[in-house]
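K.L.:
Got a structure here, written out as structure tokens. Questions coming.
Only the coordinates and a few stated rules stand behind these numbers; no lab work does. Everything numeric in this text was worked out from a predicted model, so none of it was measured. For neighbour counting, all protein chains shown are included, and Cβ atoms are generated from backbone atoms with ideal geometry for every residue, glycine included.
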Amino acid sequence: IYDEDVRAEIVRKEKIEAQMEDALINGEFKLFLQPKYSVKLDKICGAEALVRWFDPQKGEYKFPGEFVSLFETNGFITKLDHFMFVEVCKYFQSAVERGETIYPISVNVSRVTAVQPDFINFYVGNKKKYGVGDKFITIEFTESFAMENYDTISEIVNQLHANGILCSIDDFGSGYSSFNILK
């Protein structure tokens, strides 16, 4: 049944779609690094790359729950995934140049992005372009993508591993989990 809530959601999505390209061009999408802490080692052992969208008109951030599913539907997620990966590579390059300690970083990749024909070339090419060492980047695939596309993801993982990029399953256990697929 069409009601005011349905209309409000349609308007919200249209507004986001009208802003997304300019937001990418204007640097409104920001990389945040969430530390990964090892309780066993009692220290930070890495980080996960998170995207936030800064809305300069409102002076506040939009969180991924507000836009990621829409971007997966309309295909813009690939541009955002590419942007985030390049930002992580630039971060590594800059940190190394400044002599900072670097830690491995995990980067989420949408199923939409992972099945693009240039996926491997883009990710491996940028890793090399920015001089990121082997095993410093982990690509995180969703559990649902791994379970639904075993043959595809198996080939992708093999190619990424061959080029020094690690892989993991994000949100493992949130759906139908299979340790055989994980293995």
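K.L.:
With both partners inside the chain, how many of the DSSP beta bridges are antiparallel, as a percent to the nearest 5?
P.N.:
Values: 13 of 24 bridges.
Of the beta bridges lying entirely in the chain, close to 55 percent run antiparallel.
K.L.:
Shifting gears a bit: Using amide H atoms built in the peptide plane, which far-off residues or other-chain residues are under 5 Å from Lys62 H to H?
P.N.:
Trp53, Phe54, Asp55
K.L.:
Among the trypsin sites (Lys or Arg not before Pro) in the range 58-100, which ones are in a DSSP loop with at most 16 other Cβ atoms within 10 Å of the Cβ? Mind listing them? Walk me through the numbers on the way to the answer.
P.N.:
On the way: sites: Lys58, Lys62, Lys79, Lys90, Arg98; in loops: Lys58, Arg98.
Those that pass, being in a loop and sparsely packed, are Lys58, Arg98.
K.L.:
Additional query: Pairs Lys36/Lys58; Lys43/Lys90; Lys30/Lys90: which are spaced more than 21 Å apart, C-alpha to C-alpha?
P.N.:
Listed pairs above 21 Å: Lys36/Lys58; Lys43/Lys90.
K.L.:
Sticking with this structure for a sec: If you keep only loop residues by DSSP, which chymotrypsin sites (Phe, Trp or Tyr not before Pro) in the range 1-63 have at most 13 other Cβ atoms within 10 Å of their Cβ?
P.N.:
Those that pass, being in a loop and sparsely packed, are Tyr2.
K.L.:
For a test of the definition: using alpha carbon positions, the gyration tensor, and the 1.5 limit on a/c, classify the range 1-95 as rounded, prolate or oblate.
P.N.:
It is prolate, given that a/c is not under 1.5 and a/b is the larger ratio.
K.L.:
With a/c under 1.5 counting as rounded, go ahead and sort the range 54-95 into rounded, prolate or oblate using the C-alpha gyration tensor (a ≥ b ≥ c being the square roots of the eigenvalues; past the cut-off, prolate if a/b is larger than b/c, else oblate). Kindly include the intermediate steps, with their values, before the conclusion.
P.N.:
Numbers: a/c = 3.04, a/b = 1.30, b/c = 2.34.
Here the range 54-95 falls in the oblate category.
K.L.:
Is it possible to state the helix-based mean residue ellipticity at 222 nm for the chain, with each DSSP H run of 4+ residues giving -39500 (n - 2.57), the sum divided by total residues, to the nearest 500 deg cm²/dmol? What is it?
P.N.:
-14500 deg cm²/dmol
K.L.:
Then there is this: Which whole-number percent of Cα pairs in the range 94-170 have a distance greater than 16 Å?
P.N.:
49
K.L.:
Under the rule of at least 5 residues apart or a separate chain, name every residue whose amide H is placed under 5 Å from the amide H of Gly46.
P.N.:
Here the answer is Lys36, since their amide H atoms fall under 5 Å of that of Gly46.
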